[in-house]
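J.: Input: one structure, supplied below.
Read-outs: derived from the displayed coordinates by stated rules, not from any lab. All values reported here derive from a predicted model rather than from experimental measurement. Please note: Cβ atoms are built from the backbone with ideal geometry, for glycine as well, and neighbour counts cover all protein chains shown.
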Amino acid sequence: MTFEETLVQVRELLEREGRVAYRVLKRCFTLDDEYIEDLKADLIDAKRIAVDEDGRVLVWTGQTGPVAAVPLHARGPSTVLSVAPSQPSANSMPKHLAERIRAEQAAREARGATDGERKIITALFADIKGSMALMEDLDPEEARRLIDPALQLMMDAVHRYEGYVAQSTGDGIFAFFGAPLAHEDHPQRALYAALRMQEEIGTYADTLRLAGRAPVEIRVGVNTGEVVLRSIRKDDLHTEYTPIGHSTGLAARMEGLAKAGSIVVSEHTHKLTAGYFTFKALGAAQVKGVSEPLNIYEVLGVGPLRTRLQVATRRGLVRFVGRQSELAQMKKALEQATAGHGQIVGVMGEPGVGKSRLFYEFKVLSQTGCLVLETFSVSHGKAYPYLPLIDLLKHYFQLTLQDDERKRREKITGKVLTLDRSLEDTLPYLFFLLGLTEPTSSLPQMDPQIRKRRTLEAIKRLLVRESLNQPLILLFEDLHWLDAETQAFLTLLSESVASACIVLLVNYRPEYRHEWGNKTFYTQLRLDPLEPEDAQELLTALLGDDPAPD
């Protein structure tokens, strides 16, 4: 069987089943690892109709990518007018999301959950500003070809962050986050989706201008609050799952207050996301249906903070109590790494038990004489390959938002060549990963798997060489949200840690799986809730030790 024949059969199997383990593909088609990587390169990277899940399962998405995924320079005027063969609807949910929603509904029914469940969600309304005027002189079919791509881009942005599109109207959508798939960070997801919508619609508007057409602009409103949720009908995911409550109406009011090209949020959403995003206060506004004026805010972009601990640090941390045994073991690992015997320390614990705070305290105590590089995974991070590595490299090269491309290139080149001129061959891969264009580079046309392997090897060589100059503390947080590419890097790095002056600190929740358990230089620390005496000390620090009044 040729590769093309195998590819066709694998695609048909994946589309039919939705999810297929790589081990099943190997057994069904007698494939080796290299063959599997070639299939992934075509289905995931080239055609964009599947995604990788934890390096073990191939998941069908059926999405070939919206028009905005095509580079602007590669589009002609006809691109815009032929991207939407059918009217987008709320039912155009990726298959893997629909399956997860069905599984969630089945779990609710198994628990005996009743209809009318109360939940906190974040609602989002988005529409095309001035759509009536935009379509006034257009034939209905022409208007549809103009509007449909914009609607699809809005829905794609929602689905990217695992939100739920409840309704698709003629020129906009109503979506919400936090249900039916529960996410602790649903306000952040909603704002990430809103920013992505504006970015993608901006690119789409550019294509319209190139085609001599009037551009489209959207406005977005967001609010977080409590609702009562109607149940999902299994045979129709989008007709029964509806949030009922004042908070959804308030999100619609926020949309009505937004200018074209902007995102407006309520005070409640602002409080939950301050620091994660930057805002402009718009003052108090009188909102229909609300007796008192409400403070509203415009979202300007992504903020400087990424984690709850960073937000808490800005507000002021409470006293650190307990965890002395864990700190001692981490210090011991650092001593061994400083002596040239690298170590990996994994800290496992449930959400909120103090994994990030433990890393913070260790970092404060251990920075002298070491280079500390830290990075984080985020809950939606699996949709962004290499994101933690990109953040880590930006920190290492001290790249800032104010640096133009020439400045960034100078910083990277100077750092690498000063460290070791033999690393010069890593520069093209570092430039490519960090988004620096090179007109003569062959990397864009390189086989994706070869480029990935060489990129990961370049980063590993860079860090291992740096550890010869000074001990290196690498912190990777929240591996349970890690993308497959960064996971591949950690696996590669783990093979070289033992002989380097590196201590690799990682933390994760119990569901995360790795292959380091049998390595002699790996230590796992399990964080349990604080002991009673430590909990009492923390409460005393928070509330004081004065007896309660009678």
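J.: Using a simple spin-label model with points 7 Å from Cα along the Cα→Cβ vector, what separation in nm is obtained for residue 384 and residue 33?
T.: Going from the residue 384 label point to the residue 33 one covers 3.0 nm.
J.: Arrange the peptides 181-191, 440-450 so that the one whose residues have, on average, the most other Cβ atoms within 10 Å appears first.
T.: 181-191, 440-450
J.: How much length is gained on full extension from residue 244 to residue 468, taking 0.36 nm per residue of separation minus their Cα-Cα distance?
T.: Net length gain for the segment: 74.6 nm.
J.: What nm value, rounded to one decimal, do you get for the distance between residue 53 and residue 167 when each label is placed 7 Å out toward the C-beta?
T.: Those two pseudo-labels are separated by 3.1 nm.
J.: Moving to a separate point now. What pairs in 119/363; 95/355; 355/382; 95/271; 280/460; 355/411 have C-alpha atoms more than 29 Å from each other?
T.: 119/363; 95/355; 95/271; 280/460; 355/411
J.: What's the extension gain from residue 281 to residue 102 if we count 0.36 nm per residue and subtract their Cα-Cα distance?
T.: Working it through step by step, the gained length comes to 60.4 nm.
J.: Computed FRET efficiency, Cβ-Cβ of residue 398 and residue 446, R0 41 Å: what is it to the nearest 0.05?
T.: Here the calculated transfer efficiency is 0.90.
J.: Roughly how many nanometres apart are two label points built 7 Å out from the Cα toward the Cβ at residue 288 and residue 518?
T.: Rounded to a tenth, the inter-label distance reads 6.7 nm.
J.: How about the range 292-364: which trypsin sites (Lys or Arg not before Pro) there lie in a loop by DSSP and see at most 15 other Cβ atoms within 10 Å?
T.: 319
J.: In addition: Over the range 323-529, what number does the Rg to Rh ratio reach, with both radii from the alpha-carbon atoms and Rh per Kirkwood?
T.: Result for the range 323-529 is an Rg/Rh of 0.96.
J.: Here's a follow-up. Just flag the GluC sites (Glu not before Pro) in the range 452-511 sitting in loop per DSSP whose Cβ has no more than 16 other Cβ atoms within 10 Å.
T.: 495, 511
J.: Let me ask you something else. So what's the net charge close to residue 376: Lys and Arg +1, Asp and Glu -1, counting the other residues with Cβ under 10 Å from its Cβ?
T.: The answer is -3.
J.: If the chain between residue 364 and residue 335 were fully stretched, how many nm would it gain, using 0.36 nm times the residue separation less the Cα-Cα distance?
T.: 8.9 nm
J.: So how do 341, 270, 246 line up by other beta-carbon neighbours within 10 Å, fewest first?
T.: Starting with the residue having the fewest Cβ neighbours, the order is 246, 341, 270.
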